[in-house]
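In what follows, a single structure is set out as structure tokens and then discussed.
The values are calculated or read from the model by the stated rules, or taken from the named source; none is laboratory data. Remember, predicted model here, so these are calculated numbers, not experimental data. Ideal geometry is used to build each Cβ from the backbone, glycine not excepted, and the neighbour counts take in all protein chains shown. Ligands, DNA and RNA are excluded from the accessible area calculation, which covers all protein heavy atoms including side chains. Shrake-Rupley method; radii C 1.70, N 1.55, O 1.52, S 1.80 Å.
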Amino acid sequence: MEGVGLTEYLVVAGILFVSGVVCMATKRNAIGVLMGVELVLNGANVNFVAFSRYTKLGLDGQVISLFVIVLAAAEAAVALAIALNFYNNHLTIDVDRGDELKG
Amino acid sequence: MSNEFLLSAIIFLPTVGALVLSIMDGGAEKALRKIGYFTTAATFALTLVLLAEFDSSVSGMQMEVKAEWIKNWNVNYQLGVDGISLTLVLLTGLVCFLAMLASDSIKKDIKGYLILFLLLETGMLGVFLSLDFFLFYVFWEVMLLPMYFLIGIWGGPRREYAAMKFFLYTLVGSVLMLIALLMFYFGSATTTSPGSFDLLHLARIGQGKVPGLVFSETLQMTAFVLLFIGFAIKVPVVPFHTWLPDAHVEAPTPISMILAGVLLKMGGYGILRIAFPICPQGAQWASYVLVFLGVLSIIYGAFAAMAQTDFKRLVAYSSVSHMGYVLLGIAVWKLSEGKTVGAEYWKMGMNGAMFQMLAHGISSAGMFFMVGVIYDRVHHRDVNKFGGLMGLMPLYGGLAVGIFFAGLGLPGLCGFIGEVFTVLSAWNYHPIMAIISASGVILTAGYILWTIQRVFLGPEYKGPHPEAITPILPREAFIGFVLLGFAILLGVYPESMFGLMRESINQLVNDLVKVDMSSLAGVNTLLKR
Amino acid sequence: MDPQTYQSTGEMLRNLLTLAWLLPLAGFVLEVFAGYWSHRLSRAAAYSAVFCIAAGFVCSFAALMYWGHQTHWSALESHASPADHHDVLKYFSGTYYTLAEFGKLRIAIDYHIDSLTLVMFTMVTLIATMIHIFAIGYMSDELTEHYEDHQVHTAHGHFHRPGRFYMFFAYLSLFSFSMLGLVLAGNVFQVFVFWELVGVCSYFLIGFYFERKSASTAANKAFIMNRVGDFGFLIGLMILWTWFGTFQFNERVESDANGRDVVMPGLFDMLRDDHGNVTVLPANDHDSYARVFLADPGHSGALKHEGHKEGKTMPYFLLVVAGLGIFAGCVGKSAQFPLQTWLPDAMEGPTPVSALVHSATMVAAGVYLAGRFYPMFLPEVLLTIAYVGCITLFMAATIAVVATDIKRVLAYSTISQLGYMMLGIGVGGWTAGLFHLITHAFFKSLMFLCSGSVIHGCHHEQEMPKMGGLIRKMPITAYTMLVGVIAICGLAIPGISIFGIKIAFSGYHSKDAIIATAMTFSQLNGSHFLLFVVPLLGAGITAFYMFRLWFYTFIGQPRDHHVYDHAHESPVVMWAPLIVLSFFAAFVAFKGEAGSLFKLLLDTEPASVAHGLHDVGLAGDLNFPSHVGIEENHKAAGLYALLVAVMGTTLAYLFYGARVLNPAEVKRQFAGVHNFLVEKWQFDILYDAAFVRPVHVIAKWFVAFDRNVLDGFLHATARTAVSIATLDRRFDETVVDGLVNLVGNVTYDAGRSLRYVQTGRLRQYVMFIVLGVVGIWIVMRLFAA
């Protein structure tokens, strides 16, 4: 287990984050975007946990990641409701079709 | 009625009338007019009560009322009456009552007219009765606005111009007065007490009777000039007079009556009540100019009247001429080497000037009314296009000629006493001025007789609407008789008025004579050489 | 007379005269109001006026009798000099009421009663009564609803109006009241008051036919000319008032509020001592003017002992100016040169008015005042009065010669006779002047009424060239007129006297007295010989033009048959007064200077007159004749005057009676002079050019000044204010508002340009966030380094 250190965790977390961002930026499907968001959050969680293990952050990092998970769940609930509403209004969940907030 | 309440009642009774009018229906013309008659009649009755209560042997203020108004600035609601104001209050009551009776020719928006009329009366009475300079100033302005609207709305074709001219002139006067007011206020402040607006107190300071507090010579001179110009506009004194003909020509008849009968007197009253007592040194210093302007007004007004063809304008210029005597009489304060010479002649001049104000109040109101009577019928005022009215309207002609003769200064009628007394007192001041002022008798006779000839005499009426010439109405005849009656009363028995005002005026003269003029002697010698 | 009798006499006289004075006023009020509201055809107003004035006459006459009784007619006893009686007060004076009082200065309505007042009252009321009665007949054509005025033409022919009978009598009553007030006045201010009042009555009466342009113009002219004189009067009053502090004629004692006796000062007592002398202090080093001493009231006069006197002084020349000023008033009222032009025009009034106002009473008021005020006149003033009278009497007489209007001849004759009176007073003949006033009042009012009767009889024809031979149609008028003519000419039968009484009418005596005084004066002052020559010459001219009038009108063949055929004698109500007046015109001066009228007047003569004055005046070269001196010349003067008058009469007879000489011939030869006289010495033209027009021009200038300069200044100020305001508005609109708007616009534009970033696309926003994060990271890296 010597080979696995902080760097590896951070790399994984970075990949997760970048994948999430790319997913958010490329997916036109609202659900896809949501999933990208989850990926970004999880990337951050991995970072928190890794820092709590390898630095003096201690349990704080793990507590925060727990909070993030809870928040993510809540956010997903809200976001899914929005998506449903969006669908009701536009009969699609393509986010590019929803540009009513255009300036 | 208690005396404390009487003065306030006189001032505000017209306001109450105006309030009553304001809640009435504007269409009920007869009821509105009745309220108007009643209010002015009641006010006149109250002034008669004041006359009955008045003690003419007392020289000072009577029935004084003093209540705090604006404490921070030491402004008081202070009223009082003495011989000088009493006579003018009586005149105001009378002229307003008669003018109200003469208002039947006003048809347009009668409600607004009556309300403004009554407010105007409040303003005028307030000016004559207030003893606090600030209060005086407020009433002065109160009177200004209704007048502006009365001319501007109910006037003739050029009413806007006339109203604006009147307003601007008077406003300039008020502003100058305001400056003087502030000068006195701050000048009378000491380390222990704030400044004062109390006219009596200010007069005591001005006359050097308050220990440790003086109005310096410079302050007196400056303030006097400001006050004098302010009041001279109102009198009006040449060269501040050009508002008068325009205002008169455009104003409706009753307003002309008030304008000539009462409003002009406020200028003379202001000079007597404020300018002279508070700034004796300034007054003495300027007396030469005052006398000169008085004489100039007499001659100038008479000449200008002679050249007029508009009947009302002619009468307006005659007012300028007649009010010149007022200024002349007030100002004949002869000083020689720091001492007053012939104080009794000055007293005579002052009394004569006051009398002239009353006499002019009667005669000029009458003259304007008489012009109004014929104007209401034929709707023009061109003197050259009348004629024969004496034959067509004999009663009107007789009354009008009587009143015009009162203006001419015929003995036995009111104009004579005032004119001749001021002129007689003037020789003591300066013979040349006296002679020039006396020459006014020729000019006055000239323009009045010429007018009578063109308007009343001759075989036939030469102007438009000859069919409209109808005999004088009983209401009009009543006004004419009242005015002529007063003109005769004052002319035959002037002591009736002199008796009321003599003590107060003599007291004023005695006070002023006692003021130390030594510092002025030098200035005067320089000026008069 | 003891003090109590004195007081009770004074009260009685006052009551009687006051009644006589105020009755016409009551009459006026009654007539004017009752007349207006009553019937046009009623003569009640006339009866009321006649009653009032007649009752006034009864009162006046009673007062005169009472006065005589109380003084035991001492005035009529012959005494050498009235001044010897100065221990007895000859006058009664007091106050009705005070007009005004300023400290020691007091102006009141007073009365002053002495023999002059009483004589004047009696004369005025008597003549006025006669004229009132005459006027009932003369004015009867006004008793109609449709009076046709033939002299006024309108588009519809002659002018018609309701008659004004009552107004005429109301005016007459008012005039009587004013005139009596003038005579009764106890101070000079009061004289001035009534002076103006008679003036205005005269104005109304001249302008009675006010529909006529000529009448109303004449009325204006009369009033304004009088005002010119009154201007001088006023100057005189101012000087007296300032230096004397009183207007009262003579001093008197009155009780004040505390019951103490107070001496009310009088002008005469302040200026003159008991002998009527003025104390003149000549100019000295301190004082460049000569001064006159004025006694302090309370220390002087007949009421106090002589002796210690205190007082003040006033410049001599000012007192001269004051005297001239008062006299200027007299000049105006008595139509003297140079203010004489109004009187002929005043003949526009109805003839009774000319008789009452413009010949007998009002115009004589100037002479009355000159007499009343005599003690205030210094020698220089008297000399001026004499010369003014002299010029006037000559000038007016010459114009009367060429006048053809019967009333105008009489008007000029009046002016001329008033000139005689003034001359008489001016040369020191106080009593002579006033004597002539009284006699003239009777014969001139008589002649005016006669002319009125002629005019009435000839249906308002006034031109003498259209008359002639009227004596056959109206004998009473003609003969009464002849009495007047003889009286004014001063004809008498010389050398013959019955019981020592000369056979002569009143005018002879009074004119004789004046000419005798003038003759004595010119003997004493050689350089002033004209003052004798001119009146003597004037007497001849007077006789000429008066007889010319009489011959022209009554004698010879009718010149205009239309006029002649319709002429008729007047009714009894008109000729009865003529008879009465002709009686007085003939006999009022009965016995001349020994007669009662002269004696009565002499009783009031000022103290200084009787003894004459020697070497007076500022230059010290004037002498005034004494009674004794005049007495010496009396006979000679009378003879000269008579001679000249007879010459004038003869000449008139030759021209107009016998028609031996042809007046037209003379007229042609002296056409220049004739025109000059017909044009009244060009005075009207001169005054019009010198005064009337300039006044109108100046008036126009003043109005133009008002309109162009004063109002121009005002308008320029207003325009400047408006243009400044306009500038201010521009500045506000461009600069201040511009700045504010600029800020707003920039903000708005910035916002507008940024809105394009807000696409509303979710994925773009994510991209922006990413790019932003990366950008921030890069920046941080760069700066951290």
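Between B:Gly126, B:Gly112, which is under 22 Å from B:Gly361 (Cβ atoms) and assigned to a helix (DSSP H, G or I)?
B:Gly126
Return a yes/no flag: does segment B:245-252 have any residue that is open to solvent by less than 10 Å² (accessible area, probe 1.4 Å), under 15 Å from B:Ile229 (Cα atoms) and touching a residue at least 24 places away in the same chain (Cβ under 8 Å).
No, that holds for no residue.
Being more than 14 Å from chain A (Cβ to nearest Cβ) and open to solvent by less than 90 Å² (accessible area, probe 1.4 Å) is the requirement here; does C:Leu739 meet it?
Spelling it out, it is not the case that C:Leu739 is more than 14 Å from chain A (Cβ to nearest Cβ) and open to solvent by less than 90 Å² (accessible area, probe 1.4 Å).
For segment A:17-32, state whether one or more residues are part of a helix (DSSP H, G or I), more than 10 Å from every other protein chain (Cβ to nearest Cβ), open to solvent by less than 30 Å² (accessible area, probe 1.4 Å) and more than 24 Å from A:Tyr87 (Cβ to Cβ).
Scanning segment A:17-32, I find no residue that is part of a helix (DSSP H, G or I), more than 10 Å from every other protein chain (Cβ to nearest Cβ), open to solvent by less than 30 Å² (accessible area, probe 1.4 Å) and more than 24 Å from A:Tyr87 (Cβ to Cβ), so the answer is no.
If B:Leu408 passes every condition in (1) of a type in the set (A, V, I, L, M, F, W, C); (2) facing chain C (nearest Cβ under 8 Å); (3) crowded, with 22+ Cβ neighbours inside 10 Å but one, which one does it miss?
All conditions pass for B:Leu408, except number (2).
Among the listed residues C:Gly389, C:Gly329, which satisfies the condition of being in contact (Cβ under 8 Å) with a residue 40 or more places away in the chain and not assigned by TED's automatic domain parsing to the domain that holds C:Leu618?
That would be C:Gly329, the only listed residue that is in contact (Cβ under 8 Å) with a residue 40 or more places away in the chain and not assigned by TED's automatic domain parsing to the domain that holds C:Leu618.
Evaluate the following for B:Leu489: is it open to solvent by 30 Å² or more (accessible area, probe 1.4 Å), closer than 19 Å to B:Met357 by Cβ, of a type in the set (A, V, I, L, M) and not in a loop (DSSP other than H, G, I, E, B)?
Against the criterion (open to solvent by 30 Å² or more (accessible area, probe 1.4 Å), closer than 19 Å to B:Met357 by Cβ, of a type in the set (A, V, I, L, M) and not in a loop (DSSP other than H, G, I, E, B)), B:Leu489 qualifies.
For segment B:281-298, does any single residue satisfy the condition of being in contact (Cβ under 8 Å) with a residue 60 or more places away in the chain, within 10 Å of chain C (Cβ to nearest Cβ) and either surrounded by fewer than 24 Cβ atoms within 10 Å (Cβ to Cβ) or within 17 Å of the chain's Cα centre (by Cα) (or both)?
No.
Mind checking whether some residue in segment A:51-58 is touching an Asp or Glu at 6+ places or on another chain (Cβ under 8 Å) and either surrounded by fewer than 18 Cβ atoms within 10 Å (Cβ to Cβ) or assigned to a loop (DSSP other than H, G, I, E, B) (or both)?
No, segment A:51-58 contains no residue that is touching an Asp or Glu at 6+ places or on another chain (Cβ under 8 Å) and either surrounded by fewer than 18 Cβ atoms within 10 Å (Cβ to Cβ) or assigned to a loop (DSSP other than H, G, I, E, B) (or both).
Among the residues of segment B:57-90, write down those that are open to solvent by 10 Å² or more (accessible area, probe 1.4 Å), assigned to a helix (DSSP H, G or I) and either closer than 24 Å to B:Gly17 by Cβ or at pLDDT 90 or above (or both).
If the condition is that a residue be open to solvent by 10 Å² or more (accessible area, probe 1.4 Å), assigned to a helix (DSSP H, G or I) and either closer than 24 Å to B:Gly17 by Cβ or at pLDDT 90 or above (or both), then B:Leu90 is the only one that fits.
Given the options A:Val12, A:Val46, name the one that is away from chain C (no Cβ under 14 Å), more than 13 Å from the chain's Cα centre (by Cα), modelled with pLDDT of 90 or more and surrounded by 13 or more Cβ atoms within 10 Å (Cβ to Cβ). Walk me through it before giving the result.
Numbers: A:Val46 fails: more than 13 Å from the chain's Cα centre (by Cα).
The match here is A:Val12.
Collect the residues in segment C:139-167 that are open to solvent by 10 Å² or more (accessible area, probe 1.4 Å) and within 26 Å of the chain's Cα centre (by Cα), keeping them in residue-number order.
If the condition is that a residue be open to solvent by 10 Å² or more (accessible area, probe 1.4 Å) and within 26 Å of the chain's Cα centre (by Cα), then C:Arg164, C:Tyr166, C:Met167 are the ones that fit.
Does segment B:443-463 include one or more residues that are facing chain C (nearest Cβ under 9 Å), open to solvent by 40 Å² or more (accessible area, probe 1.4 Å) and part of a helix (DSSP H, G or I)?
Within segment B:443-463, one or more residues are facing chain C (nearest Cβ under 9 Å), open to solvent by 40 Å² or more (accessible area, probe 1.4 Å) and part of a helix (DSSP H, G or I).
Quick one: is C:Ser723 surrounded by 10 or more Cβ atoms within 10 Å (Cβ to Cβ), more than 9 Å from every other protein chain (Cβ to nearest Cβ) and not basic (Lys, Arg)?
Judged against the criteria, C:Ser723 is a match.
Identify all residues within segment C:203-227 that are within 8 Å of chain B (Cβ to nearest Cβ) and of a type in the set (Phe, Trp, Tyr); write none if there are none.
Passing the criteria: C:Tyr203, C:Phe210, C:Phe223.
With respect to C:Ala170, determine if the residue is within 14 Å of another protein chain (Cβ to nearest Cβ), in a helix (DSSP H, G or I) and either touching a Ser or Thr at 6+ places or on another chain (Cβ under 9 Å) or buried (at least 19 other Cβ atoms within 10 Å of the Cβ) (or both).
yes
For segment B:428-437, what are the residues that are open to solvent by 10 Å² or more (accessible area, probe 1.4 Å) and free of Cβ contacts under 8 Å to residues at least 12 places away in the same chain?
Kept after step one, since they are open to solvent by 10 Å² or more (accessible area, probe 1.4 Å), are these residues of segment B:428-437: B:428-433, B:435-436.
Passing the criteria: B:Pro431, B:Ile432, B:Ile435.
Free of Cβ contacts under 8 Å to residues at least 12 places away in the same chain and within 14 Å of chain A (Cβ to nearest Cβ): which single residue out of C:Arg668, C:Arg752, C:Arg730, C:Arg693 fits that description?
Just one listed residue meets the conditions, C:Arg752.
Would you check which residues across segment C:560-603 are open to solvent by 20 Å² or more (accessible area, probe 1.4 Å) and in contact with a strand residue (DSSP E or B) (Cβ under 8 Å, 6 or more places away or on another chain) and list them?
Those that are open to solvent by 20 Å² or more (accessible area, probe 1.4 Å) and in contact with a strand residue (DSSP E or B) (Cβ under 8 Å, 6 or more places away or on another chain): C:Phe590, C:Lys591.
A:Asp99 is checked against (1) in a helix (DSSP H, G or I); (2) within 13 Å of chain C (Cβ to nearest Cβ) and fails just one. What number does that condition carry?
All conditions are met except number (1).
Sort through B:Gly440, B:Gly397 and tell me the only one that's touching a Phe, Trp or Tyr at 6+ places or on another chain (Cβ under 6 Å) and open to solvent by less than 10 Å² (accessible area, probe 1.4 Å).
B:Gly397
Which ones in segment B:334-360 are open to solvent by 10 Å² or more (accessible area, probe 1.4 Å) and within 9 Å of chain C (Cβ to nearest Cβ)?
Listed by number, the residues that qualify are B:Gly342, B:Ala343, B:Glu344, B:Tyr345, B:Lys347.
Need a quick list: helices (runs of 4 or more DSSP H) entirely within segment B:253-355 having at least 1 residues that are aromatic (Phe, Trp, Tyr).
Of the helices (runs of 4 or more DSSP H) lying wholly inside segment B:253-355, those with at least 1 residues that are aromatic (Phe, Trp, Tyr) span B:264-270, B:280-306, B:311-331.
Show me the helices (runs of 4 or more DSSP H) entirely contained within segment C:650-764 in which 1 or more residues are over 30 Å from C:Ile391 (Cα atoms).
Counting at least 1 such residues, we get C:693-704, C:711-731, C:737-754.
With B:Tyr137, B:Tyr169 as the choices, which residue is within 25 Å of C:Leu714 (Cβ to Cβ), open to solvent by 10 Å² or more (accessible area, probe 1.4 Å), free of Cβ contacts under 8 Å to residues at least 60 places away in the same chain and out of contact with any strand residue (DSSP E or B) (no Cβ under 6 Å at 6 or more places or on another chain)?
Details: B:Tyr169 fails: free of Cβ contacts under 8 Å to residues at least 60 places away in the same chain.
Exactly one residue qualifies, and that residue is B:Tyr137.
Across segment C:604-629, what is the number of residues that are charged (D, E, K, R) and either out of contact with any strand residue (DSSP E or B) (no Cβ under 9 Å at 6 or more places or on another chain) or open to solvent by less than 20 Å² (accessible area, probe 1.4 Å) (or both)? Please lay out each step first, then the result.
Step one: list which residues in segment C:604-629 are charged (D, E, K, R), which gives C:605, C:615, C:621.
Then drop every residue that is not either out of contact with any strand residue (DSSP E or B) (no Cβ under 9 Å at 6 or more places or on another chain) or open to solvent by less than 20 Å² (accessible area, probe 1.4 Å) (or both), which leaves C:605.
Final tally of qualifying residues: 1.
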